[in-house]
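Note sheet for the following structure.
The values are calculated or read from the model by the stated rules, or taken from the named source; none is laboratory data. Being a predicted model, the structure only gives us computed values, none of them experimental. Positions of Cβ are backbone-derived with ideal geometry, glycine not excepted, and every protein chain shown enters the neighbour counts.
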Amino acid sequence: MDSTLRTAVASGMGAVIGGEPMEPAHALAELAARPHLICHSAFFIERLGVASQAPRAAVRAAREQRHFDVAELFAFVCPARFATPTPTGFARSLAIDEGADDEETVRLIAEDLLNRLASKHYPLLRETAENATFLARAKWPWAESVMRALMTANPKMDIGSFATGLNAWDRIEEWEEDGGRAPGRQDAIAAEEAQRFLREVLGSDSEQRASQAAYAGAATFAFQPRQSKEINNILLAEAGTGLGKTLGYLAPSYLWARKNNAPVWVSTYTKNLQRQLDQETARLIEDPEERQGRIVIRKGRENYVCLLNMQEVFGRLTSANPRTALLAALISRWARFTRDGDMVGGDFPSWILSLFNDLSLDGESRGVTAQSLGLTDRRGECIYSACPHYRRCFIERSVRAGRNASIVIANHALVLHQAAVDHALGIAITEEEEAAPGGIRRIVFDEGHHLFDAADSAFSGHLTALETAELRRWIRGPEAERRRGRGLSDRIGDLLGEDENGEKLLQQVLRAALALPGPGWTRRVQAGQPEGLAENFLSLVRQQVLARAEQNAGSGHTIETDCLPLIDGLADAAEELMGALLDLKKPMSGLANALAKKLDEQAEELSTHDRGRIEAVSRSLKRRGELMVGSWVDMLKRLLEEKNPLFVEWFDIAQAFGKEHDVGLHSHWLDPTEPMALAVLRQADGIVITSATLKDRPPDVPDDWANAEMRTGAVHLPYPVKRESWDSPFDYPDASRVIVVTDMNREDMDQVASAYRELFLAAGGGGLGLFTAISRLRAVHKRLVKPLADAGLPLYAQHVDPMDTGTLVDMFRAERDACLLGTDAVRDGVDVPGDSLRLIVLDRVPWGTPTILERARKEAFGGNAYTDMVVRLRLRQAFGRLIRRAGDRGHFVVLDPRLASRFLTAFPPGVTVSRLGLVDAIEAVRAQLDKSRSST
């Protein structure tokens, strides 16, 4: 590395370049003029652009310079290794001492990474050299230094024979069939066994909590043998923050799984929580190799990199320009080191993609994602065993790993969607069935308070332009130039052979799909010039929405209206579309059956390869024909014939980035836990549903389980479930205080922003700002950037910074005095223990979104009592972010005087709730900071 290369690091609103502080505009000019040693150039330069309000051309010029970015070097040298993309974060990941300042730290990071490459023990040395040689041709700034280090490790390497080394799809080790798991046993575990194992897991150095042991003992109820087909074992368990519920249920889960040679599925709400839960399992199994075999993470197929897609996409990336060539190389290197190929919340460093975003921080442009690149598996496009990379496929490897796992860490969306499909179609063999022979029999639903929302998504139906156009693409393949993909003919045409009936059914499916929206539907529907029956229906739906919707209703991204009464012509259009969908459904089902028949009749002739293809396509045809198209037909019947009181249905136009992007008919269960209870709760042998906020706390009701049973579906079971609860061990009255600010206008964004500014400054950072709308977050952010930077407080913001939410939270957690702005994803399930979070500011009372769906549920579930429950549960979740471990202290501030006394039971008993003017609130927060500093 050139020792004369100047280093550029962030400093408040500006930068320090070569040891000299610079204003943002000057720093941008310097970065555009020559290469610098830098850390995450995209993030750094975009923030300078915001601070200076520079034109995009100035920001782009700084971005296009060939900087020596240590983030790029880290991704190359340490693929699939976790780090927050900051100088401090990389130093911690590499276990090196930080320098006296960020400039020195950046240099130390670069030196350490190059020294790693110079070691003869560095893995895949020759392949790494091939990658570096390729990147040298692409003029990557680090290539020369990297090659010099690699030649130090092995001076005898013949670089003249090098290829690119990017063909990871040919180099990944193949998986092997293992015959599957034998049927598991059903032996019970006693509460004492679980508690003893928990003590072993915690070790002698950990705090022994009686409530955690009681929780682990109670969880064994769900692992008792089933006594009858009609009744199973379900436990609702509320465990206050800090009790240790994760290990409390993991200990009996792993103990039972190991004892019975059967898996336990642990389901969380978000992918970030899956990652946190996976990290916690290290306490159960210390050895990484053993843990990799015993603990498996399962997600939907769309989360995993597809090797066939990678091969096709890399052809474009490597030939486009040097930057896209670098992106391909970094992804290829990750694919060679990844644990499971998960690109969304797994070990893929999502901040890599933001290195290649060319977007402003106004958030109005979309950044690069694994899905937008086309790298992940696309719905319904997999050709299974016909794929040349099938034996190396990460998805297939994950499914097979799940067969022998003790703990399968999934998410609510995957578990409930699979249950919805299986229950509706009665499919005997599915991917999840393969991963858990005999079905998913034991489940722990963590974050159980989200089950209602997860079920709402899993059991809903959407007859929209995007959904119907996607089905047409799946059937007919790409019909526009430069579109990639594979149609039904490509996937099974050769398998039909001389089967005249199968070929006839295939052609019928292809013709019937022409009734669905084709390429260019957006322009035609919006212009009122539809082609085909589906587009005609959708055009009239759009007309009705625009004619009747309250433009300001909903979330700001959707406008909606009731279905009835229909505008003129819409009933006829719906009836014609229903006929067309029936004409599509029938041959799809027929073709699925014909393929299944072929499996039976040609059992002795078909290769394993062809059997896999036929099974996969037959299953997909059945799901799409009977479930998807069938649900659309049912929705249109209800629209035309008689409204079903079990469902809530409406028309809407969805918007994104100021433009319409979808239109259609939506159908949701009024109570989605009703089908969930039938498809999930009654089928499993044992279930634990747990959360720190499972119960509502309405005034004057000390122990109310009614809403917990309603939100989890337990109310629909014909037998009682077991219920247990434990309070948090934290001394909330001593550790926390709630302040309701009474003298500001919550709709005046200047006032709201000034309140955030002064509160964050009074706390000295460590502040989390929670917002009920993205537009409000952005309005406050642009007013906070300069004053917080001037005070030396880093500010990060979801929906603004070109970084995924998980990485932003990691960066916030790693810095003591940073501030973070976020919405729902930050409010629910984020774990930031310690002094990094000592203040939460909520912009206003978190009322439910005023949609047609929420209107119907409010009417059905108790009117204002339902609305109040939603507010209290959201407040409980938000407050739960504040105190995460013993010793944490902080303030929870609500900038809304409408926080009525009936909502205050959302907070722990005994916590002081003060109604203060803004000046007094600021002083209270500052006093806490002064007290903390004096005590240290």
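Quick notes
- Condition check for ARG473: without any contact (Cβ under 8 Å) to a residue 40 or more places away in the chain and touching a strand residue (DSSP E or B) at 6+ places or on another chain (Cβ under 6 Å): no
- Residue within the range 890-898 that is outside any loop (DSSP other than H, G, I, E, B) and surrounded by fewer than 21 Cβ atoms within 10 Å (Cβ to Cβ) present: no
- Tabulated pairs, the range 707-728, first surrounded by 17 or more Cβ atoms within 10 Å (Cβ to Cβ) and β-branched (Val, Ile, Thr), second modelled with pLDDT under 95 and in a loop (DSSP other than H, G, I, E, B), C-beta under 8 angstrom, 6+ apart or interchain: THR712/LEU694
- Residue check, ARG81 at pLDDT below 90 and over 18 Å from SER11 (Cα atoms): no
- Qualifying residue in the range 159-179 (condition: polar (S, T, N, Q), in the same structural domain as ARG333 (by TED's automatic domain parsing) and farther than 30 Å from SER398 by Cβ): yes
- For the range 154-163, the count of residues that are among the aliphatic types (A, V, I, L, M), in contact (Cβ under 8 Å) with a residue 40 or more places away in the chain and within 23 Å of ASN115 (Cα to Cα) is zero.
- Condition met for GLN65 (modelled with pLDDT under 90, outside the structural domain of PRO787 (by TED's automatic domain parsing), surrounded by fewer than 19 Cβ atoms within 10 Å (Cβ to Cβ) and among the polar types (S, T, N, Q)): no
- For the range 814-827, the tally of residues that are surrounded by 19 or more Cβ atoms within 10 Å (Cβ to Cβ), within 21 Å of the chain's Cα centre (by Cα) and under 22 Å from PRO349 (Cα atoms) stands at 4.
- Taken together, the residues in the range 587-632 that are surrounded by fewer than 19 Cβ atoms within 10 Å (Cβ to Cβ) and over 36 Å from the mean Cα position of the chain (by Cα) amount to 10.
- Selection status of ARG6, surrounded by fewer than 16 Cβ atoms within 10 Å (Cβ to Cβ), free of Cβ contacts under 8 Å to residues at least 60 places away in the same chain and either of a type outside the set (A, V, I, L, M, F, W, C) or outside the structural domain of LEU150 (by TED's automatic domain parsing) (or both): no
- The listed residue being farther than 30 Å from THR608 by Cβ, out of contact with any strand residue (DSSP E or B) (no Cβ under 8 Å at 6 or more places or on another chain) and acidic (Asp, Glu), out of GLU98, GLU174: GLU98
- With a requirement of 2 or more residues that are among the hydrophobic types (A, V, I, L, M, F, W, C), the strands (runs of 3 or more DSSP E) lying completely within the range 1-113 that satisfy it span 8-11, 14-17.
- Residue list for the range 704-725, restricted to those being under 16 Å from ALA865 (Cα atoms) and outside any helix (DSSP H, G or I): ASP704, TRP705
- Conditions (1) assigned to a helix (DSSP H, G or I); (2) over 26 Å from THR673 (Cα atoms); (3) out of contact with any Lys or Arg (no Cβ under 7 Å at 6 or more places or on another chain); number of the one not met by SER631: (2)
- Taken as a whole, the condition of being in contact with a helix residue (DSSP H, G or I) (Cβ under 8 Å, 6 or more places away or on another chain), among the hydrophobic types (A, V, I, L, M, F, W, C) and not in a loop (DSSP other than H, G, I, E, B) applies to LEU873.
- Screening GLY160 against (1) small (Gly, Ala, Ser); (2) outside any loop (DSSP other than H, G, I, E, B); (3) under 30 Å from TYR390 (Cα atoms) leaves a single unmet condition, (3).
- Qualifying residue in the range 142-163 (condition: surrounded by 15 or more Cβ atoms within 10 Å (Cβ to Cβ) and under 32 Å from the mean Cα position of the chain (by Cα)): no
Yes or no, residue by residue, for (1) of a type outside the set (Asp, Glu); (2) surrounded by 19 or more Cβ atoms within 10 Å (Cβ to Cβ):
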| position | (1), (2) |
| --- | --- |
| ALA773 | yes, no |
| ASP804 | no, yes |
| LEU808 | yes, yes |
| GLY848 | yes, no |
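- Elements of the type helices (runs of 4 or more DSSP H) sitting completely within the range 374-478 and holding at least 2 residues that are under 22 Å from the mean Cα position of the chain (by Cα), at pLDDT 80 or above and not assigned by TED's automatic domain parsing to the domain that holds ASP494: these cover 394-404, 412-425, 451-458.
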